[in-house]
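The values are calculated or read from the model by the stated rules, or taken from the named source; none is laboratory data. Please read these numbers as outputs of a predicted model, since none were measured by experiment. Cβ: placed from backbone, ideal geometry, glycine included. Neighbour counts: every protein chain shown. Note: accessible area is taken over every heavy atom of the protein model, side chains too, but ligands, DNA and RNA are not part of it. Shrake-Rupley method; radii C 1.70, N 1.55, O 1.52, S 1.80 Å.
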Amino acid sequence: MSSAGDRSTPPSDPWSPFIEAIVATLLESARAAGLTLADAELFEQLELDAGPDGDVAFPTHRLARQSGRAPAELAGQLAAGCRATPFVRAVRSKGAYVNFEVQPERLIDATLRLVFARGARFGHGEPSADPVCVEHTSANPTGPFHIGRVRNAIIGDTLARLSRAAGQPVTTQYYVDDMGRQAAMITWIWTKPRAEWPEEIRRTVDGEEAPGEKPDRHRGRPYPAISAYLKEHEAARAEVAEIVRAIESGRPPPEHRTLTQAILSGMLASLERLGIRFDEFVWESDFLRDGSVDGVIERLRVAPHAVREENGAWAIDAAEYGLPKESTHVVFQRGDGTSLYVTRDVAYHLAKFARFARVADVLGQDHQLHARTLNALLAEIGEPRRPEFLIYQDITVPEGGRMSTRGGSAVWLDHLLEEAVTRARAEVLRRREDLPADEVERIAESVATGAVRYHIVRIAPEKPVVFRWEEALSFEGRSGPFLQYSYARASSVLRKGGVEDGPYPFDAARLADPEELALVRVLARLPRVVAYAARTAHVQAIAGYAHDLADQFNRFYHAVPVLSSGAERASRIALVAAARQSLGNSLDLLGLDRLATM
RNA sequence: GGGCGCGUAGCCUAGCCUGGAUAGGGCACCGGGUUCCUAACCCGGCGGUCGAGGGUUCAAAUCCCCCCGCGCCCGCCA
């Protein structure tokens with residue numbers, strides 16, 4: 001059940017004329033009954049998708065209270081005073097509710113027309129001029145993705161797709177952290193002659209090095225061992241620290257950027273399989289190089305709560321920003337004059353604010369405090385704007401604990417995809433022995449990546465997730481492959497009917513089966529779902545919608561013959577085409593491949 | 001200790017922003033369905049003190065308070 005809420009009735013929403021008609025007739029009825037109420041108020045109280053008793057419901061409790069009347073009696077009177085219109089077939093009261101049932105033929109007609117008119121843009125909102133930046137993933141380029149980090153990428157990419165569909169000009173950015181100790185550790189080991197590698201680190205690379213191994217895997221392989229090694233060896237720590245200093249002074253080892261880039265490219269290749277690409281890459285060190293970090297430091301030094309620490313470091317006393325007691329002093333410049341991550345992040349965000357009307361950051365929950373610290377520093381330099389943070393919870397392993405690269409508990413994205421492809425291939429071969437091998441591979445890849453993407457995006461970001469292989473690799477029920485299968489079914493009907501490309505003439509009166517009307521109702525919801533999901537960043541809403549749509553399509557498919565039907569044939573084909581279009585648009589929003597056959 | 005998030009059937013989950021009529025799905029389990037457009041499907045059944053308590057309200061899974069449990073963070077790391 002959803003409220004009409006923001007009272008918008010855009011032309012991109014098939015419900016708009018129905019809502020307007022209902023508001024008008026209800027208002028008229030209320031006035032006739034001697035009641036005064038603003039149409040805005042009435043609009044807010046309307047409930048859409050109200051259930052079995054009607055399409056739209058109006059609860060009278062509030063109005064009853066205002067007028068001192070009994071809700072049920074009021075509902076009866078209001079219902080009786082509503083005229084039938086071309087849009088509204090019946091108005092009935094039930095208890096305290098006035099239920100409106102729209103003219104089904106009208107709804108079918110309006111919805112299918114809109115779907116065909118807008119095609120790939122059905123469900124999308126009106127274009128807006130305000131550019132939006134979505135920063136997501138931004139994982140340190142130190143090795144392959146594990147599934148925990150991929151949650152960021154999937155949520156961020158889906159948010160970007162939804163925002164675009166909602167009409168916003170979106171730019172996605174990956175913030176490449178090439179400045180930290182972690183990046184320095186990689187450079188430290190790979191710029192050292194192999195003969196000088198400590199034995200325990202060399203072990204991690206020798207023996208398993210495969211030709212054609214992805215660079216993120218290959219170059220990142222020694223990383224966990226370096227971590228452990230540095231804990232025990234001070235001299236090595238000093239060498240890494242020297243590299244960090246070189247990077248911070250703007251003179252990194254020449255191989256540094258190349259190595260970082262190589263690992264990043266391997267990581268991006270994995271995301272590419274999931275349909276995730278970035279418009280821009282922003283390198284953290286660039287803000288140092290172009291002087292903007294110095295600018296931020298200057299502004300922070302004269303900020304209202306700037307304090308100088310004993311050893312010459314500078315901080316903001318951020319007590320009033322509601323930070324935890326122990327971190328109220330936010331240091332933005334070290335005693336040795338170098339900058340910190342949060343300082344550079346301020347510079348980065350100022351650069352974003354200069355270009356974008358809205359700035360969204362997808363962050364893991366471990367960055368919660370960083371987000372608040374960043375906000376505090378922005379406030380201190382008088383920057384009124386703030387990023388919108390989308391914080392997601394960790395993916396943990398069943399044994400307990402977060403996924404750890406070092407602890408060996410990580411589930412690698414590449415491994416997961418490999419396993420998913422193996423299973424998907426077996427499923428395809430089991431039922432489609434007619435397909436050529438390359439076609440089998442193509443389908444298996446799409447099914448596998450679709451299953452993984454959907455498995456992550458279906459769950460609200462703020463929910464913690466425990467990773468389980470059986471669940472992640474499920475191809476049934478509420479899964480990506482279920483959606484793709486439904487799309488393939490619809491495609492198959494159109495293919496066999498010889499009408500893959502339309503046009504799709506139809507007569508709404510021929511679509512009288514309850515399952516047909518039910519399917520149209522689901523189709524008609526898409527524009528509102530997209531608007532809602534984009535506005536609230538509830539990316540899981542589109543996942544739920546796509547399942548509802550596929551589910552209802554399958555019910556219709558079983559209940560009603562299409563190609564073998566008589567006078568209804570053309571209209572049913574049109575309905576299948578519209579369902580395929582909407583489902584396809586939903587798959588696009590989720591980043592799942594449309595499969596014409598599987 | 002403080003901050004943030006989470007707690008809905010055996011398991012997973014939607015709904016919470018914006019309170020509204022019998023809380024939607026999926027997995028598992030039980031019983032059906034394929035001379036017909038793809039059975040990765042469909043139909044039926046089973047299963048709920050919405051963590052506990054209190055408050056606000058005509059009305060609370062939804063808002064407020066408190067408590068319990070779980071996770072994360074609280075660095076001159078990133």
Note on A:D513: of the conditions (1) surrounded by fewer than 16 Cβ atoms within 10 Å (Cβ to Cβ); (2) near RNA strand B (Cβ under 7 Å from one of its atoms); (3) closer than 21 Å to A:L549 by Cα, unmet is (2)
When every residue in segment A:51-62 that is modelled with pLDDT of 85 or more and out of contact with any strand residue (DSSP E or B) (no Cβ under 8 Å at 6 or more places or on another chain) is compared, the one least open to solvent (accessible area, probe 1.4 Å) is A:H61
Checked pairs for segment A:7-22, first without any contact (Cβ under 8 Å) to a residue 24 or more places away in the chain, second acidic (D, E), C-beta under 6 Å and 6 or more apart or across chains, list as A:T9/A:E20
Just one listed residue, out of A:D588, A:D551, is surrounded by fewer than 19 Cβ atoms within 10 Å (Cβ to Cβ), near RNA strand B (Cβ under 7 Å from one of its atoms), assigned to a helix (DSSP H, G or I) and modelled with pLDDT of 95 or more, and it is A:D551
Given the conditions (1) out of contact with any strand residue (DSSP E or B) (no Cβ under 7 Å at 6 or more places or on another chain); (2) part of a strand (DSSP E or B); (3) of a type in the set (F, W, Y), every one holds for A:F281 apart from (1)
The condition of being out of contact with any Ser or Thr (no Cβ under 9 Å at 6 or more places or on another chain) and away from RNA strand B (no atom under 13 Å from the Cβ) holds, among A:L374, A:L340, A:L378, only for A:L378
Does segment A:134-153 include one or more residues that are touching a residue at least 40 places away in the same chain (Cβ under 8 Å), under 30 Å from A:V576 (Cα atoms), aliphatic (A, V, I, L, M) and away from RNA strand B (no atom under 14 Å from the Cβ)?
-> no
Exactly one of A:V331, A:V342 is touching a strand residue (DSSP E or B) at 6+ places or on another chain (Cβ under 8 Å), part of a helix (DSSP H, G or I), touching a residue at least 12 places away in the same chain (Cβ under 8 Å) and more than 25 Å from A:D157 (Cβ to Cβ), and that one is A:V342
Exactly one of A:S404, A:S409 is surrounded by fewer than 15 Cβ atoms within 10 Å (Cβ to Cβ) and not in a helix (DSSP H, G or I), and that one is A:S404
Given (1) within 14 Å of the chain's Cα centre (by Cα); (2) within 20 Å of A:V493 (Cβ to Cβ); (3) free of Cβ contacts under 8 Å to residues at least 40 places away in the same chain, A:P561 misses just (1)
Of the residues in segment A:338-356, those that are at pLDDT 95 or above and among the β-branched types (V, I, T) come to A:V342, A:T343, A:V346
Those residues of segment A:247-268 which are farther than 20 Å from A:Y341 by Cα, among the aliphatic types (A, V, I, L, M) and out of contact with any Phe, Trp or Tyr (no Cβ under 7 Å at 6 or more places or on another chain) amount to A:A262, A:I263, A:L268
Looking for something within 11 Å of RNA strand B (Cβ to nearest atom), under 20 Å from A:I297 (Cβ atoms) and either within 23 Å of the chain's Cα centre (by Cα) or modelled with pLDDT under 95 (or both) - is there at least one such residue anywhere in segment A:357-365?
no
Given the conditions (1) buried (at least 18 other Cβ atoms within 10 Å of the Cβ); (2) under 27 Å from the mean Cα position of the chain (by Cα); (3) of a type in the set (V, I, T), every one holds for A:T396 apart from (1)
A:E209 passes all but one of the listed conditions (1) open to solvent by less than 60 Å² (accessible area, probe 1.4 Å); (2) of a type in the set (D, E); (3) modelled with pLDDT under 90; the exception is number (1)
Restricted to segment A:349-367 and to residues being open to solvent by 10 Å² or more (accessible area, probe 1.4 Å) and charged (D, E, K, R), the residue nearest to A:R164 (Cα to Cα) is A:R358
(message) It is to be established whether one or more residues within segment A:297-310 are out of contact with any Ser or Thr (no Cβ under 6 Å at 6 or more places or on another chain), part of a loop (DSSP other than H, G, I, E, B) and within 9 Å of RNA strand B (Cβ to nearest atom).
(response) yes
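Residues checked against (1) free of Cβ contacts under 8 Å to residues at least 40 places away in the same chain; (2) under 20 Å from the mean Cα position of the chain (by Cα); (3) away from RNA strand B (no atom under 14 Å from the Cβ); (4) open to solvent by 10 Å² or more (accessible area, probe 1.4 Å):
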residue: A:G502; (1), (2), (3), (4): no, no, yes, yes
residue: A:P505; (1), (2), (3), (4): no, no, yes, yes
residue: A:T536; (1), (2), (3), (4): yes, yes, no, yes
residue: A:H547; (1), (2), (3), (4): no, yes, no, yes
- Message: Being surrounded by 18 or more Cβ atoms within 10 Å (Cβ to Cβ), β-branched (V, I, T) and within 30 Å of A:Q168 (Cα to Cα) is the requirement here; does A:V346 meet it?
- Response: yes
The condition of being assigned by TED's automatic domain parsing to the domain that holds A:I456 and over 21 Å from A:S16 (Cβ atoms) holds, among A:A541, A:A490, A:A524, A:A534, only for A:A490
Of the listed residues (A:A315, A:A262, A:A246), the one being open to solvent by less than 40 Å² (accessible area, probe 1.4 Å), of a type outside the set (S, T, N, Q) and not in a helix (DSSP H, G or I) is A:A315
Looking across segment A:439-494 at residues that are among the basic types (K, R) and within 7 Å of RNA strand B (Cβ to nearest atom), the single one that is nearest to A:G591 (Cα to Cα) is A:R458
